[in-house]
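The values are calculated or read from the model by the stated rules, or taken from the named source; none is laboratory data. Treat the numbers as computed from the prediction; the structure is a model and nothing was measured. Positions of Cβ are generated from backbone atoms using ideal geometry, with glycine treated the same way; all protein chains shown enter the neighbour counts.
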Amino acid sequence: MVTLLQGQVHSFQRQIHLLQIKVQNLENRQAPLQSSPHVAFFAGFHTDSEAGDHGPFEVDTTIKYNKVTTNIGNGYNAATGAFTAPVKGLYVFHFTIFTSLLNQPKTAAVLKKNTEKLAYAFDFGAADPQDSSTHVAVVTLEAGDIVYVEQAAKTYFYDNRGQFNSFSGFLVSPM
């Protein structure tokens, strides 16, 4: 009987040891996730005027979304309209551009990473008087890469106190 109990105790000790190893492995994998930087921003285009068209400009022009609601990690700069990646990682970006055909029927914008064009949003006329165009991009960035929205030359966009045009992004996973 004692030999049988000693065998069970040894078996339980081995199981406990294996469970301790598994717990340690899980803790080791979770530690980098807990220390990962938190990066997210949301900004809208805002003016003090009631409403109006913005543009056209003779050259492609960065849109400066100056009504910053969220800027965790301080990656977005309202003065330049650009987001600078604080860490290498996988990011998601979203932007919306709005037009009112009652005023100017042509809008176009592009999401850029450094100078590389990533995603386009545009509206060159439709049957209804107001339209918006939205795009989402999932992008790998190096620390220091910049992402911004550029309004195409000779186009307009419409806004009313920051309600229609926005730019946002967040870090999905550091790499």
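Some values worked out for this structure:
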read-out	value
Pairs with Cβ under 6 Å, 6+ apart, first in region 83-106 and surrounded by 17 or more Cβ atoms within 10 Å (Cβ to Cβ), second modelled with pLDDT under 75 and of a type in the set (S, T, N, Q)	Thr96/Ser132; Phe98/Ser132; Ser100/Gln130
Residue list for region 142-175, restricted to those being part of a strand (DSSP E or B) and of a type in the set (S, T, N, Q)	Gln151, Ser166, Ser168, Ser173
Subset of region 119-139 that is surrounded by 13 or more Cβ atoms within 10 Å (Cβ to Cβ) and at pLDDT 95 or above - its residue that is farthest from Tyr158 (Cα to Cα)	Val139
Lone qualifier among Asn165, Asn160 - being on the phi < 0 side of the Ramachandran plot and modelled with pLDDT of 85 or more	Asn165
Which numbered condition Gln8 misses (of (1) on the phi > 0 side of the Ramachandran plot; (2) among the polar types (S, T, N, Q); (3) at pLDDT below 90)	(1)
Scope region 44-82; condition surrounded by 16 or more Cβ atoms within 10 Å (Cβ to Cβ), at pLDDT 95 or above, in a strand (DSSP E or B) and of a type outside the set (Ser, Thr, Tyr); matching residues	Asn71, Asn77, Ala82
